[in-house]
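Input: a single structure, listed below in structure tokens.
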Amino acid sequence: MTAGTKSLHIPGFLFILAALTALAPLATDAYLPAVPTIAESLGASVHQVELSISFFLFGFSMGQLFGGPFSDHFGRRIGIFTGLSLFLTGSLAIMFTPNVEWLWCFRILQALGGGMTVVNTPAIVRDLYSGRESAQTLSRMAVILMLAPLMAPVLGSLVLQTLGWHMIFGLLLIYGAIIAFVIYRSLPETRVVQKDRPNAIKRYWMVLKNRHAVGYLASACFGYGSLFAFITSSPSVYMGYFNLSETVYPFAFGANVFSVLVMNKLNIRLLAKHAPRKLLLGGQVIQLITGAGLLLFVTFGGDALNIFLFIPLVMLFFGCHGLVSANSMAGITDFFPRNSATATALMGACGFAFGAMAGSVTSLFADGTPLPMTMVMFACALLAPAVRLLLQMGPAPEPAE
């Protein structure tokens, strides 16, 4: 069955897409509370286990780069089921990993499948919607999606304390299998079949030669960079520097996810009157101001750093990702109605690769304080609007058919 119009009606459509996209935050966040335990179990350091986050992001990027053109060429369903097969295999293998090196390898395999799978979600939205409708749909989906990173650390902590860290990945295995079954039964093919089927190189060049699209791409990259600089460092900062317990940490982390949820709801309302590009700029300005405040607070706060001031500042910064992400995605896919998965793949792959790099840099310069994390967050917040506005000077081109 081929869709391509807004006439497609599927019960729980947004929930299905949100659940599919949730593979990424679940696979990233669920095991964060278990990082110290995994390190002890595998005879590795905490920072070595934290590096598995960066390896996951790298694999996720590669999965999206391959999965985008694959989906545009063969269809959304084939792309989803191929990716889920790799994700399930990687999750099963991690449960039996003997050391941290194999953990890195299996996390890359898991991530390759996750990337191939998740890249289809915005593409399906673009198959059916465009413009503000696309941004609103992505934001509504994100509101549901926010339950994943909100609940993932809590579930991970619960499973860790009752069944051990291996079963956190068992939980991901079960979740992926359920998603595969639901999509097999409920979600039809939405890709519009094209007479002309360019190869992957031509599809990517179509995106990269559009500097306005590259501007949105840059926004996503720096947004992911600041996001994963925090995610990678949060166990060390919250449980190490601020001495939060494994039980309390998920709630401190979840507070940031709640702020994204609020911003996504706000974004949906504002899109009724304002263009996605305007809301994107607003989110980036708030992140820049908040990032500067965090850096100054950490740099000059000395021993007086107060977690009750630190957490709200991080929440505001983190929350603005709700404005940046959906509006950047809607902006870039609007240019490519027939190659939306490729555009989505490039944005996701570059974003996760940049996130992996930012997380690695943060880990490399880790000194036991929040300073490296806040420096990277501020740098990303500064460069995101600057690069985008520079690239998007002048009139925007018409969407490519």
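Couplings 3J(HN,Hα) for the stretch 361-376, derived from phi with the Karplus relation 6.51 cos²θ - 1.76 cosθ + 1.60 (θ = phi - 60°), are 4, 4, 5, 4, 9, 4, 10, x, 10, x, 4, x, 4, 5, 5, 5 Hz, where x marks Gly and Pro.
Using a/c under 1.5 as the rounded threshold, could you call the stretch 110-266 rounded, prolate or oblate? The axes a ≥ b ≥ c are square roots of the C-alpha gyration tensor eigenvalues, and prolate needs a/b larger than b/c, oblate otherwise. Taking the square roots of the gyration eigenvalues as a ≥ b ≥ c, the stretch 110-266 is prolate. Couplings 3J(HN,Hα) of the stretch 235-251, computed from phi: x, 5, 5, 6, 8, x, 5, 8, 6, 6, 7, 4, 7, 7, 3, x, 6 Hz, in residue order, whole Hz [Karplus 6.51 cos²θ - 1.76 cosθ + 1.60, θ = phi - 60°; x for Gly and Pro].
For each of Glu50, Glu189, count neighbouring Cβ atoms within 10 Å of the residue's Cβ, then give the residues from fewest to most.
Values: Glu50 24, Glu189 16.
In increasing order of surrounding Cβ atoms, one gets Glu189, Glu50.
Shape class of the stretch 306-351 from the alpha-carbon gyration tensor: prolate, with a/c at 1.5 or above and a/b greater than b/c. Look at the alpha carbon pairs under 8 Å that are at least 6 residues apart: their mean separation over the length of the stretch 13-391 gives a relative contact order of 29 percent.
Packing, as the average of other Cβ atoms within 10 Å across residues, places the peptides 81-89, 338-346, 217-225, 38-46 in the order 338-346, 217-225, 81-89, 38-46, highest first. Percent of C-alpha pairs per 10 Å bin in the stretch 13-391, short distances first: 6, 26, 36, 24, 8, 1, 0.
The overall shape of the stretch 32-140 is prolate: from the C-alpha gyration tensor, with semi-axes ordered a ≥ b ≥ c, the ratio a/c is 1.5 or greater and a/b exceeds b/c.
Pairs on different chains or at least eight residues apart, Cα atoms closer than 25 Å: how many lysine pairs in the chain fit? Write out the running numbers ahead of the final one.
Working: Lys6/Lys195; Lys6/Lys265; Lys6/Lys273; Lys195/Lys209; Lys209/Lys278; Lys265/Lys273; Lys265/Lys278.
Close lysine pairs under the 25 Å cut-off: 7.
Here, each number is a calculation from the coordinates, and none is a lab measurement. Small disclaimer: the values here were computed from a predicted structure and weren't measured. Please note: Cβ atoms are built from the backbone with ideal geometry, for glycine as well, and neighbour counts cover all protein chains shown.
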